[in-house]
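J.: To start, I am sharing the structure in question, which I have written as structure tokens.
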Amino acid sequence: MTQKNLSSGSKILIMVALALLAAACYTLVGLRFSNARLLHYQLAKRLPKLIVIALTAFSIGSASIVFQSVINNTIVTPCLLGMDALYTLVHTLVYFFAGAASILVTNKQISFAVDLVIMAVVSLLIYSYIFKKTGSNVLYVILIGTVLTSFFGSVQSTVTRIMDPNAYETLLTTLVASFDNANTSLILFSVIVLIAIALVFRKDLRLLDVLTLGKDKAINLGVDYDKSIRHLLLAVTLYMTVATALVGPLAFLGLIIANLSRQLMQTYRHSLLITASVLFGMIVLLGGQFLVERVFSYNVPVSVFITTGGGIYFLYLLIAKKKPY
């Protein structure tokens, strides 16, 4: 049976089964069932990681699909416009000006909230202006995104050179994407934030199928196009901030899972695309973390696999010159 013969529901069920299988393999392989204390310790280490992986996949998978629909291009994701670099800069500036001993840094919930608010305000101003001035022209957007990524990176690098070495060492552990150093104390807070974002912007999310028809058609159907785009862009920023705060920047993950979702589902229904993207995210992250722990003995972070694979996949999408759906 070919991919085209399968219904969308069947594809989703297969993806769910694969995601559950990946979760089971990651959680159960290598467990010492004969030793109760060791078993409890292993589960205490793995289950929080599994939850963080699920939250990260949900955040990045949803944000990437929404962002591609907002900009009307399937090879652009938030990381290519410098959102990861912007988060790194914002987080570094908080450390630099507040100090590593400040409550804005030591209290994880407050630190997370500060990053979330600053990222939301700054990115909304920057990227809303970019989309408006360029008319969402993908070439200009990518070019400006590349320049912004370099600019944010240069400023961040300059700040780290003059900051206290002890503060820099503490900062560095939060900027390297790794589920082993994932901030598990933010799990409950992240779940609340993600649910709140989904509830606040649920009306705009339901309009995604209409928005992809184009501005003129959406307006003719009674949609406040510019307002919805601003709301969705803000939702994307918040989702990306949640994921980055949990595990660090994961460049190219959104590109991989969003385009795989479009290739598999071959539909414009965003409910299906987002679901498939989230499931792909779980499979990719669980597979990568399994390699990190079982094959490379924690010597290589999962971000290395994602960046390498994502870079190759991005080149393929550019060379293929065709839409993945």
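Residues checked against (1) closer than 27 Å to Thr88 by Cα; (2) in contact (Cβ under 8 Å) with a residue 60 or more places away in the chain:
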site	(1), (2)
Asp226	no, no
Leu234	yes, yes
Leu264	no, yes
His270	no, yes
Gly287	yes, yes
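J.: For Lys217, work out the one condition from (1) over 17 Å from the mean Cα position of the chain (by Cα); (2) open to solvent by less than 30 Å² (accessible area, probe 1.4 Å) it doesn't fulfil.
T.: (2)
J.: Within the set of pairs 6 or more residues apart or between chains, which connect a residue that is within 28 Å of Thr244 (Cβ to Cβ) and of a type outside the set (A, V, I, L, M, F, W, C) inside segment 25-52 to a residue that is assigned to a loop (DSSP other than H, G, I, E, B) and at pLDDT 85 or above with Cβ atoms less than 6 Å apart?
T.: Gln42/Leu31
To keep it simple, each residue is scored yes or no on (1) out of contact with any strand residue (DSSP E or B) (no Cβ under 6 Å at 6 or more places or on another chain); (2) over 18 Å from Met240 (Cα atoms); (3) surrounded by fewer than 15 Cβ atoms within 10 Å (Cβ to Cβ).
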residue	(1), (2), (3)
Ala101	yes, yes, yes
Asp115	yes, no, no
Ile118	yes, no, no
Tyr129	yes, yes, yes
Gly145	yes, no, no
Gln156	yes, yes, no
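J.: In addition: Restricting to segment 61-114, name every residue that is in contact (Cβ under 8 Å) with a residue 60 or more places away in the chain, hydrophobic (A, V, I, L, M, F, W, C), more than 27 Å from Leu317 (Cβ to Cβ) and not in a helix (DSSP H, G or I).
T.: Ala100 - this is the single residue of segment 61-114 that is in contact (Cβ under 8 Å) with a residue 60 or more places away in the chain, hydrophobic (A, V, I, L, M, F, W, C), more than 27 Å from Leu317 (Cβ to Cβ) and not in a helix (DSSP H, G or I).
The rows are residues; the columns are (1) farther than 17 Å from Tyr268 by Cβ; (2) open to solvent by less than 20 Å² (accessible area, probe 1.4 Å); (3) over 17 Å from the mean Cα position of the chain (by Cα).
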residue	(1), (2), (3)
Ile65	no, yes, no
Gln68	no, yes, no
Thr77	yes, yes, no
Leu80	yes, no, no
Leu93	yes, no, yes
Ala98	yes, no, yes
Leu104	yes, no, yes
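J.: Given the residues Ala258, Ala276, Ala245, Ala251, which is the only one that is in contact with an Asp or Glu (Cβ under 7 Å, 6 or more places away or on another chain), outside any loop (DSSP other than H, G, I, E, B) and of a type in the set (Gly, Ala, Ser)?
T.: Working: Ala258 fails: in contact with an Asp or Glu (Cβ under 7 Å, 6 or more places away or on another chain); Ala276 fails: in contact with an Asp or Glu (Cβ under 7 Å, 6 or more places away or on another chain); Ala251 fails: outside any loop (DSSP other than H, G, I, E, B).
Testing whether each residue is in contact with an Asp or Glu (Cβ under 7 Å, 6 or more places away or on another chain), outside any loop (DSSP other than H, G, I, E, B) and of a type in the set (Gly, Ala, Ser) leaves just Ala245.
J.: Pick from segment 4-29 the residues that are surrounded by fewer than 11 Cβ atoms within 10 Å (Cβ to Cβ) and part of a helix (DSSP H, G or I): which of them is modelled with the highest pLDDT?
T.: Gly9
J.: If you go through segment 162-177 one residue at a time, do you hit one that is open to solvent by 80 Å² or more (accessible area, probe 1.4 Å) and closer than 16 Å to Thr241 by Cβ?
T.: Looking for residues that are open to solvent by 80 Å² or more (accessible area, probe 1.4 Å) and closer than 16 Å to Thr241 by Cβ, one finds none in segment 162-177, hence no.
J.: Would you confirm whether or not segment 147-166 contains a residue that is assigned to a loop (DSSP other than H, G, I, E, B) and at pLDDT 85 or above? Break it down stepwise before answering.
T.: Kept after step one, since they are assigned to a loop (DSSP other than H, G, I, E, B), are these residues of segment 147-166: 163-164.
Subset that is at pLDDT 85 or above: 163.
Yes, segment 147-166 contains at least one residue that is assigned to a loop (DSSP other than H, G, I, E, B) and at pLDDT 85 or above.
J.: Take Ala57 and decide whether it is open to solvent by less than 60 Å² (accessible area, probe 1.4 Å), under 15 Å from Gly288 (Cα atoms) and either assigned to a helix (DSSP H, G or I) or not β-branched (Val, Ile, Thr) (or both). Walk me through how you get there before you give the answer.
T.: Numbers: open to solvent by less than 60 Å² (accessible area, probe 1.4 Å): yes; under 15 Å from Gly288 (Cα atoms): yes; either assigned to a helix (DSSP H, G or I) or not β-branched (Val, Ile, Thr) (or both): yes.
Judged against the criteria, Ala57 is a match.
J.: Starting from segment 179-206, take each residue that is within 19 Å of Val117 (Cα to Cα) and list its partners that are at pLDDT 90 or above and aliphatic (A, V, I, L, M), counting only C-beta distances under 8 angstrom and pairs at least six apart or across chains.
T.: Listed by first residue and then by second, the contacts come to Ile187/Ile51; Ile187/Val52; Ile187/Leu55; Ser190/Leu55; Val191/Leu55; Leu194/Leu55.
J.: Additional query: Just the residues that are open to solvent by 90 Å² or more (accessible area, probe 1.4 Å) and closer than 20 Å to Ser271 by Cβ, please, taken from segment 220-235.
T.: Leu221
J.: Which residue out of Leu238, Leu317 is surrounded by 20 or more Cβ atoms within 10 Å (Cβ to Cβ), among the hydrophobic types (A, V, I, L, M, F, W, C) and in a helix (DSSP H, G or I)?
T.: Working: Leu317 fails: surrounded by 20 or more Cβ atoms within 10 Å (Cβ to Cβ).
Matching residue, one of Leu238, Leu317: Leu238.
Rundown of residues vs (1) at pLDDT below 80; (2) assigned to a loop (DSSP other than H, G, I, E, B); (3) touching a His at 6+ places or on another chain (Cβ under 7 Å), yes/no style:
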residue	(1), (2), (3)
Ser128	yes, no, no
Phe131	yes, no, no
Val141	yes, no, no
Ala177	yes, yes, no
Leu188	no, no, no
Val191	no, no, no
Leu205	no, no, no
Val210	no, no, no
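J.: Hey, Thr134 hits all of (1) open to solvent by 20 Å² or more (accessible area, probe 1.4 Å); (2) within 21 Å of the chain's Cα centre (by Cα); (3) farther than 25 Å from Arg161 by Cα but one; which does it fall short on?
T.: (2)
The values are calculated or read from the model by the stated rules, or taken from the named source; none is laboratory data. Just so it is clear, the model here is predicted, and its values are computed rather than measured. When we count neighbours, we look across all protein chains shown, and the Cβ atoms used for this are built from the backbone with ideal geometry, even at glycine. What goes into the accessible areas is simple: the full protein's heavy atoms, side chains included, and nothing from ligands, DNA or RNA. Shrake-Rupley method; radii C 1.70, N 1.55, O 1.52, S 1.80 Å.
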